[in-house]
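Data first, discussion second: the structure below is written as structure tokens.
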Amino acid sequence: MTKYRFFIFLLFSSGTIFAQWHPSPWPVLKQYDRNHLYNIALPLGGIGTGTVSLGGRGELRDWEIMNKPAKGFSTVTVGNNAPFFAINVQRSGGKPLTKALIGPLDPAEYLHYEGRPVNQHGFPRFTEASFDAAYPFGQVHLADPKMPVKVTIKGFNPFIPGNADASGIPIAVLAYEVTNTGSEPLTVSVCGSMRNFIGKDGSQYRKDWKGDVVPIGAKKNVNVYKTAAGIQGIYMFSDSVNRQDPAWGTIALTTNQTEGVSYRTSSRSNDWENAMLDFWDDFSADGKLTEKTQPVDDDPLASLAVQKPIAPGQTQTFTFFITWNFPNRLAWSSFSLQPGKDAIGNYYSTQYADAWDVIQKTLPQLPVLEQKTLRFVNAFLASTYPEVIKEAALFNLATLRSQTVFRIPSGHMMGWEGVFDENGSCFGSCTHVWNYEQATAFLFADLSQSMRDIEFNYATSDAGKMSFRVMLPLTKAQEWKNAAADGQMGTILKFYRDWQLSGNSEFLRKNWEQVRKVMQYAWIPGGWDGNQDGVMEGRQHNTMDVDYYGPNPQMGFWYLGALKATSEMATVMKDPALARKCTDLFRKGSAWMDQNLFNGEYYEHKITDPKTFAFLNWEGNPGVAIPDYQLGKGCLVDQLVGQMMAHMMGLGYLAKPEHIQTSLQSVMKYNYLDNFADHFNNMRSYVLGDEAGLLMASWPKGRLNVPFPYFAESMTGFEYTAAVGMLYEGQTENALKCIKSIRDRFDGRKRNPFNEPECGHHYARSMTSWNAVLAWSGFLYSGVTETMTFTAKTGTYFWSNGSAWGTCTIAPEGTASRVTLQVLDGKIRLRQFALQGAGKHTFKQSQEVAEPKTLAFTVGRP
């Protein structure tokens, strides 16, 4: 236990042992000064539970815990009534000092028609603030020359690769570390206040007496003070809000402090904002709260305070927890329907009875959960990855905690493409979007495999047609009738990946017939490769939200990768005929694309007439009409996405290596802009002004009059795809330039570092950033053959296969390499270890390497 470096105080109540948690020292990857805080919002919450975000100045924002997005002011309570924490400092012989635990206003927040421009606009604030981050750890540093204290706000959630349940707790953990910077002893109180907003999710509105449209929904809500072993705080519930409403549930604001606790479950009526005035006067007087028992508002104000003495130079920690349980998630489009209709529920609600149950179950585990999270983050940060790759990969994992992701009661993971301010964006775990990211599979194997289960066993018809958007409940999965060429082929590669990472032969055996159907659907008459020549020529719906007609690299390389993967799986499943067919089609298609689509600089699109595309064997017909929304001779940013995926799966090259390398050089040459100020874009702008980035497409050989809709845009998931391809081809300088351009745009001031949007916030494709970790390290693992591969470059590399993770250190030893492989969590089986281009080490017998085992051996001859 001593290795975890935490303190445990045992509190016995009814035979239960509870842990008294205090935060350990936390690592820092990125620091943001006071000029880069405006848009920072680090989501706190579990996978599939919703979140509340810790803002860059210490504010709590974006309360997205009630089964829907809630960016900005769209839900909960706003203005001076929004949830917040405050500090009171009592000095001997001096006037008490009270401030909100929030940094200064930004100049952009000053203008409002009624002088209410931002939450907590009327509260005294700290004058200095900065933010440190190493996701999921966020730290806000506050100071003020008029205050004899400085404060560090620490917020996190457990995030442990391979353990989705431990990473899926509906909790925001907050610690306020207060340091006495003066020369006299102080009595300091830290207090959290929030209204019981149950029912008020922004779906219902009314006009107030000023004519403003304000959210309603709370109704006779109740706050009660509760205690349990090592826990005390306010439990919030409602007996009057419809129990089938998505906004019905429970919330708890608690602390594990055992002394100096005071509370209020209500305040006076909030006419003319007097509830907050009454609270402020009470707290400011002596840092202690006086209970008010009468229910006066539908959303009564709850406050919980902890008071401690702090000697000069001493630091005291005040710990608080916000937990919740809102069980009534509705199906994709049901945000506009009546409560109870198409209800599907939440997986996390099957694990916890209510918000109080969450903290009771979590607090005893929190020291270990924190230490395992620290072990993951510290191992990752200590690895030999460029800082910008660490930042891009780690910070975008916040998407898994956002409302983009949820889990239905069966445990299956579902995903929007992203989320808008109040609603989800593009429903259905869209295959052609989720194809790009690898973070889920390499960090949470069970969640990834649950998505494969849905795609192959619920969304696939008897004919092998896969609905690329999944309807809910799962009994309606196939009601979305459309298939996507890139989405369907990509799921085959993802299935192959999940099988390889797990080594689970039963996973393949159980799903093999469905995988065969999905592959063979490409060959139906009039289909994507109806004449079975290895080239996709038919109508191909794709992630550009249009149909391409004719052979093109985007779909072509997905198809070639799927053929190669299917051939390997067919061999294992003793289906030699299918294996031969896929291998034959792969060879024909690869050669054809090199000969016909590679134009000397990159792969282009040969357009066929949609009215005549069924003849399929395209050899050029200049007399046909060109349909709108095509790529044509454009240089596409993600033309090699299928090749990127093949490299990550160890499937090798899908076309001539020199053509692949030249194409990526051309993407950089033609698509990269170091300044967007003179760039015309008729669609959405995710890059602006003097910022740099990769265009979706460029047109060095002449642009179509009406290209595919997004051609002039720039979106991070696609940029990462190109950059990762460059890493695999040794084009390191260009790759890092592209990734740095992205992260420079998400600087905290202009954009939130934990939220890369595309069509919606927290866009799933942004997690393609994790792919850079795989490319840089050259990590490959096959549980099927029990082999592991890394780059031969000297360094230490974090690795994970979705169920186990650790580090691998490679150091020179004479003319050989000394390898130290460490498993920090989980277990893997290993028969052979290889370094790219530098030899391999074969163990005498299969090794089971489990936490905390370390293997040390030599590759090559010393």
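The values are calculated or read from the model by the stated rules, or taken from the named source; none is laboratory data. Remember, predicted model here, so these are calculated numbers, not experimental data. Cβ placement follows ideal geometry from the backbone for every residue including glycine, while neighbour counts extend to all protein chains displayed.
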Grab the helices (runs of 4 or more DSSP H) fully contained in the range 262-380, keeping just those with 3 or more residues being among the charged types (D, E, K, R). 274-286
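Quick grid of which residues meet (1) free of Cβ contacts under 8 Å to residues at least 12 places away in the same chain; (2) farther than 21 Å from Q232 by Cα; (3) among the aliphatic types (A, V, I, L, M):
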position	(1), (2), (3)
F320	no, no, no
T373	no, yes, no
F380	no, yes, no
E387	no, yes, no
A393	no, yes, yes
E370 charged (D, E, K, R), touching a helix residue (DSSP H, G or I) at 6+ places or on another chain (Cβ under 8 Å) and buried (at least 22 other Cβ atoms within 10 Å of the Cβ): no
Could you pull out the residue among G550, G561, G538, G530 that is in the same structural domain as M696 (by TED's automatic domain parsing), on the phi > 0 side of the Ramachandran plot and either surrounded by 23 or more Cβ atoms within 10 Å (Cβ to Cβ) or touching a residue at least 24 places away in the same chain (Cβ under 8 Å) (or both)? G550
For the range 472-495, enumerate the residues that are surrounded by fewer than 20 Cβ atoms within 10 Å (Cβ to Cβ) and either not in a helix (DSSP H, G or I) or not assigned by TED's automatic domain parsing to the domain that holds T566 (or both). P473, W480, K481, N482
For I828, indicate whether it is in contact with an Asp or Glu (Cβ under 9 Å, 6 or more places away or on another chain), in contact (Cβ under 8 Å) with a residue 12 or more places away in the chain and not assigned by TED's automatic domain parsing to the domain that holds S502. yes
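Condition check ((1) modelled with pLDDT under 95; (2) of a type in the set (K, R)) across all residues:
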residue	(1), (2)
R580	no, yes
A591	no, no
L597	no, no
F613	yes, no
P622	yes, no
V637	no, no
M644	no, no
Y653	no, no
Which members of the range 496-528 meet the condition of being in a helix (DSSP H, G or I), over 19 Å from Q554 (Cα atoms) and among the small types (G, A, S)? S502, S505
If I go through the range 771-807 residue by residue, how many of them are more than 27 Å from V572 (Cβ to Cβ), buried (at least 22 other Cβ atoms within 10 Å of the Cβ) and not small (G, A, S)? 4
Condition first: closer than 18 Å to A228 by Cα and of a type in the set (V, I, T). Now tell me which residues in the range 360-378 satisfy that. T362
Quick check on my filter: what residues within the range 709-765 are farther than 30 Å from Y548 by Cα and of a type in the set (D, E)? E733, D744, D747
Just a yes or no: is a residue in the range 726-738 surrounded by fewer than 20 Cβ atoms within 10 Å (Cβ to Cβ) and charged (D, E, K, R)? yes
Expected single match for in contact with a strand residue (DSSP E or B) (Cβ under 6 Å, 6 or more places away or on another chain) and farther than 23 Å from V784 by Cα among Q532, Q488 is Q488
If you check every pair at least six apart or on different chains, which have Cβ atoms under 7 Å apart with a residue in the range 27-38 that is outside the structural domain of R743 (by TED's automatic domain parsing) and closer than 16 Å to L142 by Cβ first and a residue that is part of a strand (DSSP E or B) and of a type in the set (S, T, N, Q) second? Q31/S130; Y32/S130; D33/S130; R34/S130
Considering only residues that are over 20 Å from the mean Cα position of the chain (by Cα) and assigned to a loop (DSSP other than H, G, I, E, B), which ones fall in the range 435-469? Y458, A459, S461, D462, A463, G464, K465, S467, F468
Output yes when any residue across the range 233-255 is under 28 Å from D286 (Cα atoms) and not in a strand (DSSP E or B), and no when none is. no
Of all residues making up the range 770-809, the number that are on the phi > 0 side of the Ramachandran plot and part of a loop (DSSP other than H, G, I, E, B): 3
Please find, among A229, A247, the residue that is of a type in the set (A, V, I, L, M, F, W, C), assigned by TED's automatic domain parsing to the domain that holds A86 and touching a Lys or Arg at 6+ places or on another chain (Cβ under 7 Å). A247
Only one of these is at pLDDT 95 or above and in a helix (DSSP H, G or I): G748, G725. Name it. G725
Can you say whether I160 is of a type in the set (V, I, T), assigned to a loop (DSSP other than H, G, I, E, B) and in contact with a Phe, Trp or Tyr (Cβ under 8 Å, 6 or more places away or on another chain), as far as the supplied structure shows? yes
Return a yes/no flag: does the range 78-85 have any residue that is surrounded by fewer than 16 Cβ atoms within 10 Å (Cβ to Cβ), in contact (Cβ under 8 Å) with a residue 24 or more places away in the chain and of a type in the set (G, A, S). no
